[in-house]
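Quick note: the coordinates plus some simple rules give every number you see, no bench work behind them. What you see is a predicted model; the values in this text were computed from it and never measured. Methodologically, a virtual Cβ is constructed for each residue, glycine included, from the backbone with ideal geometry; neighbour enumeration extends over all protein chains shown.
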């Protein structure tokens, strides 16, 4: 009777009990136990944590770290009811499945569980991992016998060279019904370059192993290319299989016909496998870049007759078996006057034998810049042939190009050949020899006198010019004022001159001078052109200026006398001339006062 | 003639401006440095050029030659520092820009500058377009022409001469204003942040002004040009050209 069946029985009993008795929560306890205290290396064991008195945990239990000697595979939970002395108790069991990875005696620390506000701690455990496989008698998780369901990892070769492919095949063997599986843990391929191979189409086959018949199927195939030498370990592959188990009930339904089945997840893992990787023998060709397998190289141009500056396509194709993806572009022997642009790379890889085979194509655009017949030397690809355990070099056939046309300066072309480094090709430009103008380090434009002089002097000059212009404008605009100010002075000068002419001989000149004095005085006072003045106009001007007729009349009378004496002289009379001067002076003084 | 005293004044001013800043003595050191450079005596060349700087004098060409000398000595940090100092005085010099670009290629850090807004780029180009001394002369001359024209216009108002004087003064005033703004921006360092060059072979950039190794974000290397921000004791906040911000010790930088 398997554990599953027993559990089902207990469960069924508990169900019946549940119908009759109330469930009382008991004091909560926790304990931990192992499926077996002694386990063989790479075999599985289960750490059970049993919590009584609850169905609910506050968070996941804190399981000690067992990574020193075991790999965690998965966990499961089950609940059961127990009846004792009329009381029902609930027991929650969590199963942690591990695979032992190191030999020796190991302590498993206490597991801490929190449930219903309480913190429960289990007693520590001890496990012994031996190199001798103990019988696969221990019950695996989910109640499936490890002999009934397991994975075997197989290497196509036990010993390989670096970069030589080896295929790992993971095959599942089962005697139980497996509905399906999914990978839970992909083994790490650190230290390898892995090429996943497609699932084989073989399907399920019947295989006899150790005298027992199993249904068997390949679940994964990987081609591995070790990248370094030494002893390598491949981590186990873990899957979760859906195993169909029968659930039985008692009584009337205890019949296979009514047996109901359900799927139960079972976590299983393959063994870790080891592989010897040996370094490649010495004596590799100079162009060897780590290729292992069997390769061929071929080159071609899309045409062989062309003009300079025409672009042509150069195709380099590497085919063969081995780590074809790692092929790097080999050295090409193009002359320096060829422009070679970086290639377009395509690759196709398919599984073949233990590894892969395929092709990698490099397509270069090449532009010749000089005419002539150019022989492209063979392209060499060195590799290690793992079948013959010897180095070999694949060689392409030489190709001749016939280029016609004029030479073109390569540097004038687009891009030009890529320069390898800077320092080797370029230099800085030469120093300055011509004497520069030095200036003070602290010098600022705003601290120099010149700046402020240049800034302010024109402002001052403009201000001065404006002031000067205003002064002149005022002078020009105030002629009347100036004349007015000069009027009395000029009149006095003229009267003085007239007095000097006061002799009978110069009688005519005397009156002319008096007339000029009188006329000039008024012209200056009123800022009028004196020549054009008629006496009537003078009168109206003066009346308009607000001068009374008492003042105007004597003035005009004097003027009339002087005019008459000038053009129609009478007998010169010195007394009358003296009187004339007095009257003219008095008239102008009165007029001056009236106009003030 | 009313204009004669003004002309005399202006001639005096120009002569004063010409003679200002003309010094003597450093020509010998400059020639000596050049000769040593050409003889391959780069240490000696640095010493000669340094004498001029010690005298408190500078020139774009002097900084350029110093940059070249340090470059030849394989000291990328000081080379970039002096190229940057030269660039302040002659921002559009082609030889300088070529050498600076080459020196930058040899620095350890590959910092991709953030793209700049085109308007700022254009303004910067415009500000840096004319060399400093030429700019000062241009602005000064335009300013004097503008004011002279103005004076003629005022004093000879109403004559054909005044019309021409006014036109000339307007054009000159426009030129003076346009390039005067340019000159002011340059002289006052408007919009030109304080920059520095990393002198240490490798400078740890911290997330805070503290030497705590837990705060180390990354490292910058000799020759990297950074913008300086805040200061805190011996620490300076720096902004890389790609916008990354951090703190380095001030001793590891040299302001441009």
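When B:69, A:321, A:121 are sorted by how many other C-beta atoms sit within 10 angstrom of their C-beta, beginning with the fewest, the order is A:121, A:321, B:69.
Per-residue ellipticity at 222 nm computed for chain B from its helices equals -18500 deg cm²/dmol, with DSSP H segments shorter than 4 residues left out and the rest contributing -39,500 (n - 2.57). Spin-label model, residue A:31 to residue B:111: label points 7 Å out along the Cα-to-beta-carbon direction sit 6.9 nm apart. Please label the shape of region B:38-140 as rounded, prolate or oblate, based on the square roots a ≥ b ≥ c of the eigenvalues of the alpha-carbon gyration tensor (a/c under 1.5 means rounded; beyond that, a/b larger than b/c means prolate, else oblate). Because a/c hits 1.5 or more and a/b fails to exceed b/c, region B:38-140 counts as oblate.
Comparing Cα centroids, region B:225-250 and region A:259-337 end up 48 angstrom apart. When each of A:131, A:548 is scored by the number of other beta-carbon atoms lying within 10 Å, the sequence from fewest to most is A:131, A:548. Between region A:541-577 and region B:192-222, the C-alpha centres lie 108 angstrom from each other. Against the main long axis of the alpha-carbon atoms of chain B, helix B:118-127 sits at an angle near 60°. Distance from the alpha carbon centroid of region A:29-58 to that of region A:158-185 works out to 29 angstrom. With a simple spin-label model that places each label point 7 Å from the Cα along the Cα-to-Cβ direction, the separation between residue A:583 and residue A:350 comes to 15.1 nm. Which angle between 0 and 90 degrees, to the nearest 10, do you get for helix B:76-89 versus the longest principal axis of chain B when only C-alpha atoms count? On a 0 to 90 degree scale, this one is about 10.
For region B:201-240, what class follows from the C-alpha gyration tensor (a ≥ b ≥ c being the square roots of its eigenvalues): rounded when a/c is under 1.5, otherwise prolate if a/b is larger than b/c, else oblate? Taking the square roots of the gyration eigenvalues as a ≥ b ≥ c, region B:201-240 is oblate. With neighbour counts taken as other beta-carbon atoms within 10 Å, the residues A:126, B:216 rank, fewest first, as A:126, B:216.
Please give the FRET efficiency for residue A:121 paired with residue A:67, using the beta carbon to beta carbon distance and R0 = 25 Å, rounded to the nearest 0.05. Efficiency computed from Cβ-Cβ geometry: 0.75.
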